[in-house]
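Q: Submitted below is the structure of interest, expressed as structure tokens.
The values are calculated or read from the model by the stated rules, or taken from the named source; none is laboratory data. Fair warning: this is a prediction, and the values are worked out from it, not measured in the lab. Positions of Cβ are backbone-derived with ideal geometry, glycine not excepted, and every protein chain shown enters the neighbour counts. Quick note on the areas: whole protein, heavy atoms, side chains included, nothing else; ligands and nucleic acids left out. Shrake-Rupley method; radii C 1.70, N 1.55, O 1.52, S 1.80 Å.
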Amino acid sequence: MISLNSGQYTYRIRGDIESVEEQLTRLYPDSLNHEFAVADFDIEIQQTSLLRTLLRPQVTLNIEGHKPFNPIHPSKLLPSIEWAMNWCVSAYDHTKLLIHCSVAVNNGKAILFPGKSGSGKSTLSAYLGLNGWHLYSDEMAIINLDTGYVEAVFRPASLKNESIEIIKPFVQASEHYMSCTTKGTHKGDIAHVRTMSKDVYDTLEPCKIAAVLFLNFDKKQRFNAYEIDKSIGLAKVISNGFNYSVTGEAAFSILVSIVNQATILEVSYSEMADIKELIAELVL
Amino acid sequence: MQTTDTFLIHRLADKSAFVVFNRLNWCTYIISFNQVIENLNEGIIKSISSKDFIVLTAKEQIDTLFKADYWDTFK
């Protein structure tokens, strides 16, 4: 059993974790321990059956008594543990507003990158995290319902397929680490990248949201960025909300306030360098 | 912003829409400003013309639409 502290949440991970323990230790330095700790969420790795174990081993993740994911080969455990941690937060934490997006912060100002899978949001936020920005979250914005400020979690970015090779050259500093690639998951090849040390994470403060960028990565498209109506921005942010429907009036009010204050852009890009300049201007 | 037992209503800063949260059913409605103007031009609300409506402040616009029971459409 290990306890994993991601800053905002503590997870207890039980079962046979030997195959992923070293990777987890390197992705979460100073955040794992083997002693009993009070945890927010419980994740148990379970063998499917004895016959299966002998013929074609599979494991399932029992998360807080639920099994939301299909069984997997033990070699694909690391991404599944990461997805399980996301699932725990999005399914249970309704004290915060959770928006499906990545969050990068610079100069005390946050930019949200909501977007469909393949829009390039994780690639871009990992790139920023490895180049002087702080990656507050790769998967969801955790927004305080009283202040509207976005809070940081100590979690790595999750990279898929070509993104892994794009990001690899930027993993250089001692506080950076890229995990081994897990091949052939249902989302393709997956690797995780840590962009900061726990010491740096511990200094991060909740931040005001300065901009919301809806990304569209397309190799054939020229760089194009334009401001969209706040009404369209609000509708799109709501549609990316994990728990908007259960957080009610508080979420409505805080989102209206965020959308009113933030710059909201639709951005098409094919080169990281093009978008980097635009983003830097938004947090001046 | 205007608030009642049932509704919480804002006009967005860029004036592109009114947004309504209905406390009874927890639904959110986004009503484009153009839609409201169109409704005024169609004569749905007799008490004010679209020309006079445009020059009002956000609060006055919301109040005017309250008086005309316009928001009840979103109950």
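Q: For A:Leu97, which of the numbered conditions (1) of a type in the set (A, V, I, L, M, F, W, C); (2) within 24 Å of A:Cys180 (Cα to Cα); (3) in contact with a helix residue (DSSP H, G or I) (Cβ under 8 Å, 6 or more places away or on another chain) fails to hold?
A: (2) is the only condition that A:Leu97 fails.
Q: Related question: Would a scan of segment A:164-178 turn up a residue that is among the basic types (Lys, Arg) and assigned to a loop (DSSP other than H, G, I, E, B)?
A: Here is the first cut: in segment A:164-178, the residues among the basic types (Lys, Arg) are A:168.
In the following step, the residues that additionally are assigned to a loop (DSSP other than H, G, I, E, B) were identified as none.
Scanning segment A:164-178 turns up no residue that is among the basic types (Lys, Arg) and assigned to a loop (DSSP other than H, G, I, E, B).
Q: If you don't mind, there's one more thing I want to ask. Does segment A:117-129 contain any residue that is touching a helix residue (DSSP H, G or I) at 6+ places or on another chain (Cβ under 7 Å), open to solvent by 10 Å² or more (accessible area, probe 1.4 Å), of a type outside the set (S, T, N, Q) and in the same structural domain as A:Tyr177 (by TED's automatic domain parsing)?
A: yes
Q: Which one is most open to solvent (accessible area, probe 1.4 Å) among residues in segment B:4-30 that are in a loop (DSSP other than H, G, I, E, B) and either at the interface with chain A (Cβ under 7 Å from one of its Cβ atoms) or aromatic (Phe, Trp, Tyr) (or both)?
A: Step one: of segment B:4-30, the residues in a loop (DSSP other than H, G, I, E, B) are B:4-6, B:12-16, B:23-26.
Still in the list and also either at the interface with chain A (Cβ under 7 Å from one of its Cβ atoms) or aromatic (Phe, Trp, Tyr) (or both): B:12-14, B:16, B:23, B:26.
Numbers: B:Leu12: 2, B:Ala13: 63, B:Asp14: 63, B:Ser16: 17, B:Arg23: 64, B:Trp26: 125 Å².
Filtering segment B:4-30 for residues that are in a loop (DSSP other than H, G, I, E, B) and either at the interface with chain A (Cβ under 7 Å from one of its Cβ atoms) or aromatic (Phe, Trp, Tyr) (or both), the one most open to solvent (accessible area, probe 1.4 Å) comes out as B:Trp26.
Q: Answer yes or no: is there a residue in segment B:31-53 that is surrounded by fewer than 18 Cβ atoms within 10 Å (Cβ to Cβ), in a strand (DSSP E or B) and within 11 Å of chain A (Cβ to nearest Cβ).
A: Within segment B:31-53, one or more residues are surrounded by fewer than 18 Cβ atoms within 10 Å (Cβ to Cβ), in a strand (DSSP E or B) and within 11 Å of chain A (Cβ to nearest Cβ).
Residue-wise test of (1) open to solvent by 50 Å² or more (accessible area, probe 1.4 Å); (2) not in a helix (DSSP H, G or I).
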{"position": "A:Gln23", "(1), (2)": "no, no"}
{"position": "A:Arg26", "(1), (2)": "yes, no"}
{"position": "A:Ala37", "(1), (2)": "no, yes"}
{"position": "A:Leu51", "(1), (2)": "yes, no"}
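Q: Report, by residue number, each residue of segment A:95-115 that is in a strand (DSSP E or B) and hydroxyl-bearing (Ser, Thr, Tyr). Let's see the steps before the verdict.
A: Taking segment A:95-115 first, the residues in a strand (DSSP E or B) are A:96-106, A:109-114.
Residue satisfying the conditions is A:Ser102 alone.
Q: Out of everything in segment A:168-194 that is among the basic types (Lys, Arg) and surrounded by fewer than 22 Cβ atoms within 10 Å (Cβ to Cβ), what residue ends up being nearest to A:Leu27 (Cα to Cα)?
A: To start, the set of residues in segment A:168-194 that are among the basic types (Lys, Arg) comprises A:168, A:183, A:187, A:194.
Right, trim to surrounded by fewer than 22 Cβ atoms within 10 Å (Cβ to Cβ) and you get A:168, A:183, A:187.
On the way: A:Lys168: 15, A:Lys183: 18, A:Lys187: 20 Å.
That would be A:Lys168.
Q: Here's another thing I want to ask about it. Using the structure shown, decide if A:Ser245 is of a type in the set (Ser, Thr, Tyr) and within 11 Å of chain B (Cβ to nearest Cβ). Explain how you work it out, then say what you get.
A: On the way: of a type in the set (Ser, Thr, Tyr): yes; within 11 Å of chain B (Cβ to nearest Cβ): yes.
In short, yes.
Q: Within segment A:65-105, work out how many residues are under 17 Å from the mean Cα position of the chain (by Cα) and farther than 22 Å from A:Glu162 by Cα.
A: Selection size over segment A:65-105: 15.
Q: Could you list, in sequence order, all residues of segment A:138-160 that are under 22 Å from A:Thr181 (Cα atoms), open to solvent by 30 Å² or more (accessible area, probe 1.4 Å) and part of a loop (DSSP other than H, G, I, E, B)? Walk me through how you get there before you give the answer.
A: So in segment A:138-160, the residues under 22 Å from A:Thr181 (Cα atoms) come out as A:138-139, A:154-160.
Applying the additional criterion that residues be open to solvent by 30 Å² or more (accessible area, probe 1.4 Å) yields A:139, A:155, A:160.
Scanning segment A:138-160 gives A:Glu139, A:Arg155.
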